[in-house]
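Notes for the one structure printed next.
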Amino acid sequence: MIFLDSTVLIDYFNGKNNWQVEVLDTILGNELVVIGDYVLTEVLQGFRNDKDFQKAKTVLLSFPCFDIGGKEIAIQSAKNYRILRKKGVTIRKTINVMIATFCIENSFVLLHNDKDFESFTKYLKLKVCNT
């Protein structure tokens with residue numbers, strides 16, 4: 001199961017060409033692809049006009065969408081953040097800590113384009129898609 005981060009979906013909707021978007025193109029229809037509620041919010045809030053918002057919402061809701069938060073993920077996210085801080089790593093966005101932790105706890109492979117996740121891969125065994 002592959003969890004899509006908002007960075008890849010935003011690139012996809014903006015027509016950017018990078019290896020992450022190419023991987024997404026390849027896996028669509030061939031792999032089970034999922035998103036999370038926070039990802040849904042991050043992607044949809046970026047659309048300026050209503051027509052594009054509605055189209056994107058339709059596409060995104062075709063993927064299984066998980067509720068990322070909750071007490072257990074919140075506590076484990078705080079623990080993971082603290083582990084990384086002790087190693088001298090500061091994660092820029094709390095939402096990335098929650099997404100990474102959710103993926104680790106559920107054994108999802110993350111497809112992303114955000115350097116925040118690199119430390120989770122290095123120190124906390126986050127599984128990610130590679131080129």
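What follows draws every value from the coordinates through simple rules; no lab data is involved. On a predicted model such as this, the values are computed, not experimentally measured, just so you know. Cβ sites come from the backbone with ideal geometry, for glycine too, and all protein chains shown count toward neighbours.
So here's what we get for this one:
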read-out: Number of positions in the range 119-131 that are part of a helix (DSSP H, G or I) and surrounded by 14 or more Cβ atoms within 10 Å (Cβ to Cβ); value: 5
read-out: Residue match in the range 104-113 (condition: closer than 20 Å to V21 by Cβ, in contact with a Ser or Thr (Cβ under 9 Å, 6 or more places away or on another chain) and not hydrophobic (A, V, I, L, M, F, W, C)); value: yes
read-out: Flag if K93 is without any contact (Cβ under 8 Å) to a residue 24 or more places away in the chain and in contact with a helix residue (DSSP H, G or I) (Cβ under 7 Å, 6 or more places away or on another chain); value: yes
read-out: T41 vs. criteria among the β-branched types (V, I, T), assigned to a helix (DSSP H, G or I) and surrounded by fewer than 14 Cβ atoms within 10 Å (Cβ to Cβ); value: yes
read-out: Count of the range 2-51 residues which are farther than 19 Å from S107 by Cα, touching a residue at least 24 places away in the same chain (Cβ under 8 Å) and charged (D, E, K, R); value: 2
read-out: Top-ranked residue of the range 63-77 - restricted to ones that are part of a loop (DSSP other than H, G, I, E, B) and of a type in the set (G, A, S), ranked as nearest to M1 (Cα to Cα); value: G69
read-out: R92 vs. criteria within 16 Å of the chain's Cα centre (by Cα) and farther than 22 Å from I27 by Cβ; value: yes
read-out: Pick from the range 62-77, criterion farther than 17 Å from V43 by Cα and among the polar types (S, T, N, Q), ranking: surrounded by the most Cβ atoms within 10 Å (Cβ to Cβ); value: S77
read-out: Qualifying residue in the range 6-19 (condition: in contact with a Phe, Trp or Tyr (Cβ under 8 Å, 6 or more places away or on another chain), of a type in the set (G, A, S) and part of a loop (DSSP other than H, G, I, E, B)); value: no
read-out: Considering residues of the range 78-106 that are assigned to a helix (DSSP H, G or I) and of a type in the set (S, T, Y) only, the residue surrounded by the most Cβ atoms within 10 Å (Cβ to Cβ); value: T101
read-out: Among (1) under 14 Å from the mean Cα position of the chain (by Cα); (2) over 15 Å from S119 (Cβ atoms), the one test that I99 misses; value: (2)
